[in-house]
Amino acid sequence: MVESIKGKKLNKGEWAEFYVMLKLLGEGRLYTANKLLQKNYQSYLDILKIIRQECESQVLEYIIDEPNALVIVKPQDTSTILVTMPVKIFNDYAQMLFDGIKDVEGSSVPAPDPVCDFAKVIYVSKPKAPAVKALKKQFGGKNDIFIEVRDGQTAIISIMGFSIKSKFGQNPTLFNAGSSSQYLYKLAGCDDAMMDEFNAITENGGRGWSKCKAYLSNHGISMEFARTQNPIYNDNLFLVRESMAKIMAWCIKDRLIDSPRHFEVMETVERMIVANPLGVPAARVYYEKAIKDFLMAGFTGMTAGKEWDGKEQVNGGYIVVMDDGDVICYHSSDRESFRDYLYRNTHFEYVSADKYLWSRIVKIDGEYYLPLNFSVRFNTHTR
């Protein structure tokens, strides 16, 4: 018996995974994108089947029968057919899902009832299905969907895992803030009384960060990056490159202390190139590559709180759901285009001081430190 998803509320990013499944089965083709996130009609993957783990003991295959324009649903490794549906129906329900949730307000929303009824017919009980265990073990842990595809240029058939990001909900984060992602800055010119005054600052029921920055400036308190709060995060950054912690610390201080009007990643790096805090030759090449390395690592599996092995945990590519419902991808062979896209279309985001445990001075072994924190989020508009 298939459990109904009627009434189930998910955020739009989670619904996007089910939407992508319906859309790809309905259209049968996935086009690649250039660095400006524009569709490249000369490069595409034909969809042959989608593989989903609907429950602990069952893996289902959604196979496109191209000659007959049908989708066949069957358990993996058996010849038993559960249901056969016309390809066009999947596209119709994909559009219905998109129209039903795109403009609905709220962090979690239900899908339209007809979409939920169709999900039950095609044996979908989990819109955001867990990764197929055997494929997860083979390909790594950050794949949202597994697809058997045929390359439109080479005709090579392979199974690929894709990570999915959606632009029709809240702009997704690329690197999430957490209690483990703090950067500690050693303060000069601070004492206990100043620490207590600074930590007591509030404004309109919140932290009042603008007043905090003014306090530091007015009292001549200077700061210098000391270390990350979490040694695991420091080790992960080291795997990206040896100087990565210092580079990111400069960016976070630029965002939260120096307060530029433009805090997009690309603009931040332009300022860093001019400042050249590490005194490196070929500053533009060095800092741009370093930040792209960080963004790619964050997108493909690196976090602040879990030990990372340095591997990118997406083997096939990255699917993007556009705000108009179109679905395009960056194939693993288009890695540089995708790195450019991340670099051009993300920003350093201010995050809650109380939730993510930053903005209050701490005293450690007689020295004063200020923890700062951040996330990286995709921009609203693509460029």
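Could we say that E288 is within 17 Å of V376 (Cα to Cα), under 24 Å from the mean Cα position of the chain (by Cα) and either free of Cβ contacts under 8 Å to residues at least 40 places away in the same chain or loosely packed, with under 14 Cβ neighbours inside 10 Å (or both) here? Working first, answer last.
Details: within 17 Å of V376 (Cα to Cα): yes; under 24 Å from the mean Cα position of the chain (by Cα): yes; either free of Cβ contacts under 8 Å to residues at least 40 places away in the same chain or loosely packed, with under 14 Cβ neighbours inside 10 Å (or both): no.
Considered against the rule, which asks whether it is within 17 Å of V376 (Cα to Cα), under 24 Å from the mean Cα position of the chain (by Cα) and either free of Cβ contacts under 8 Å to residues at least 40 places away in the same chain or loosely packed, with under 14 Cβ neighbours inside 10 Å (or both), E288 comes out as no.
Limited to segment 99-147, what total is found for residues that are of a type in the set (S, T, N, Q) and either at pLDDT 85 or above or in contact with an Asp or Glu (Cβ under 8 Å, 6 or more places away or on another chain) (or both)?
Quick first cut of segment 99-147, residues of a type in the set (S, T, N, Q) only: 107-108, 125, 138, 143.
Still in the list and also either at pLDDT 85 or above or in contact with an Asp or Glu (Cβ under 8 Å, 6 or more places away or on another chain) (or both): 108, 125.
Count: 2.
Give the residue, chosen from G279, G298, that is loosely packed, with under 13 Cβ neighbours inside 10 Å and within 18 Å of A245 (Cα to Cα).
Working: G298 fails: loosely packed, with under 13 Cβ neighbours inside 10 Å.
Going through G279, G298 in turn, just one is loosely packed, with under 13 Cβ neighbours inside 10 Å and within 18 Å of A245 (Cα to Cα): G279.
Among the residues of segment 26-42, write down those that are surrounded by fewer than 13 Cβ atoms within 10 Å (Cβ to Cβ) and not polar (S, T, N, Q).
First pass over segment 26-42, keeping only residues surrounded by fewer than 13 Cβ atoms within 10 Å (Cβ to Cβ): 36, 38, 41-42.
Within segment 26-42, L36, Y41 qualify.
Could you list, in sequence order, the residues of segment 73-95 that are surrounded by fewer than 17 Cβ atoms within 10 Å (Cβ to Cβ), closer than 18 Å to K23 by Cβ and not charged (D, E, K, R)? Steps first, answer last, please.
Restricting attention to segment 73-95, the residues satisfying the condition of being surrounded by fewer than 17 Cβ atoms within 10 Å (Cβ to Cβ) are 75-84, 86, 88, 92, 95.
Among the residues that remain, those that are also closer than 18 Å to K23 by Cβ are: 86, 88, 92, 95.
Residues satisfying the conditions are P86, Q95.
Quick check on segment 235-246. Is at least one of its residues under 16 Å from H347 (Cβ atoms) and assigned to a helix (DSSP H, G or I)? Steps first, please.
Step one: of segment 235-246, the residues under 16 Å from H347 (Cβ atoms) are none.
Scanning segment 235-246, I find no residue that is under 16 Å from H347 (Cβ atoms) and assigned to a helix (DSSP H, G or I), so the answer is no.
Going through I63, I72, I89 one at a time, which residue ends up being hydrophobic (A, V, I, L, M, F, W, C), over 29 Å from H381 (Cα atoms) and in a helix (DSSP H, G or I)? Let's see the steps before the verdict.
Values: I63 fails: in a helix (DSSP H, G or I); I72 fails: in a helix (DSSP H, G or I).
Sole residue among the options that is hydrophobic (A, V, I, L, M, F, W, C), over 29 Å from H381 (Cα atoms) and in a helix (DSSP H, G or I): I89.
As an exercise: evaluate E197 against (1) touching a residue at least 12 places away in the same chain (Cβ under 8 Å); (2) touching a Gly at 6+ places or on another chain (Cβ under 9 Å) and give the number of the one condition it does not meet.
(2)
Suppose the filter is modelled with pLDDT of 95 or more, in contact with a helix residue (DSSP H, G or I) (Cβ under 9 Å, 6 or more places away or on another chain) and not assigned by TED's automatic domain parsing to the domain that holds E17; does V321 pass it? Please lay out each step first, then the result.
Working: modelled with pLDDT of 95 or more: no; in contact with a helix residue (DSSP H, G or I) (Cβ under 9 Å, 6 or more places away or on another chain): yes; not assigned by TED's automatic domain parsing to the domain that holds E17: yes.
In short, no.
Among the candidates D340, D334, which residue alone is in contact with a strand residue (DSSP E or B) (Cβ under 7 Å, 6 or more places away or on another chain), in a helix (DSSP H, G or I) and farther than 18 Å from A245 by Cα? Don't jump to the end; show me each part of the working.
Numbers: D340 fails: in contact with a strand residue (DSSP E or B) (Cβ under 7 Å, 6 or more places away or on another chain).
Selected residue: D334, the only one of D340, D334 that is in contact with a strand residue (DSSP E or B) (Cβ under 7 Å, 6 or more places away or on another chain), in a helix (DSSP H, G or I) and farther than 18 Å from A245 by Cα.
From the residues in segment 144-176 that are surrounded by fewer than 21 Cβ atoms within 10 Å (Cβ to Cβ) and among the β-branched types (V, I, T), which one is nearest to Y41 (Cα to Cα)?
Only one residue fits best here, namely T154.
Those residues that are of a type outside the set (K, R) and modelled with pLDDT under 90, I need them from segment 324-352; list them, please. Reasoning before the result, please.
First, the residues of segment 324-352 that are of a type outside the set (K, R): 324-334, 336-338, 340-343, 345-352.
Y330, H331, S332, S333, D334, E336, S337, F338, Y341 - these are the residues of segment 324-352 that are of a type outside the set (K, R) and modelled with pLDDT under 90.
Could you list, in sequence order, all residues of segment 47-62 that are closer than 19 Å to K128 by Cα and of a type in the set (A, V, I, L, M, F, W, C)?
In the first step, residues of segment 47-62 are kept if they are closer than 19 Å to K128 by Cα; the result is 49-62.
Matches in segment 47-62: I50, I51, C55, V59, L60.
Within segment 215-232, can you find the residues that are over 33 Å from the mean Cα position of the chain (by Cα) and either of a type in the set (A, V, I, L, M, F, W, C) or surrounded by 12 or more Cβ atoms within 10 Å (Cβ to Cβ) (or both)?
Step one: of segment 215-232, the residues over 33 Å from the mean Cα position of the chain (by Cα) are 215-222.
Selection gives Y215, L216, H219, I221, S222.
Among the residues of segment 259-279, count how many are farther than 17 Å from S375 by Cα and free of Cβ contacts under 8 Å to residues at least 24 places away in the same chain. Let's see the steps before the verdict.
In the first step, residues of segment 259-279 are kept if they are farther than 17 Å from S375 by Cα; the result is 261, 270-279.
With free of Cβ contacts under 8 Å to residues at least 24 places away in the same chain added as a condition, the list becomes 261, 270-271, 273-274, 276, 279.
Residues that pass the stated criteria total 7.
Tell me which of these P260 doesn't satisfy, since it passes every other one: (1) touching a strand residue (DSSP E or B) at 6+ places or on another chain (Cβ under 8 Å); (2) not in a helix (DSSP H, G or I).
Of everything listed in (1) touching a strand residue (DSSP E or B) at 6+ places or on another chain (Cβ under 8 Å); (2) not in a helix (DSSP H, G or I), P260 misses just condition (1).
Given the conditions (1) in contact with a His (Cβ under 9 Å, 6 or more places away or on another chain); (2) within 17 Å of A200 (Cα to Cα), which single one is not true for F378?
(2)
The values are calculated or read from the model by the stated rules, or taken from the named source; none is laboratory data. All of these numbers come straight from a predicted model, not from anything done at the bench. For neighbour counting, all protein chains shown are included, and Cβ atoms are generated from backbone atoms with ideal geometry for every residue, glycine included.
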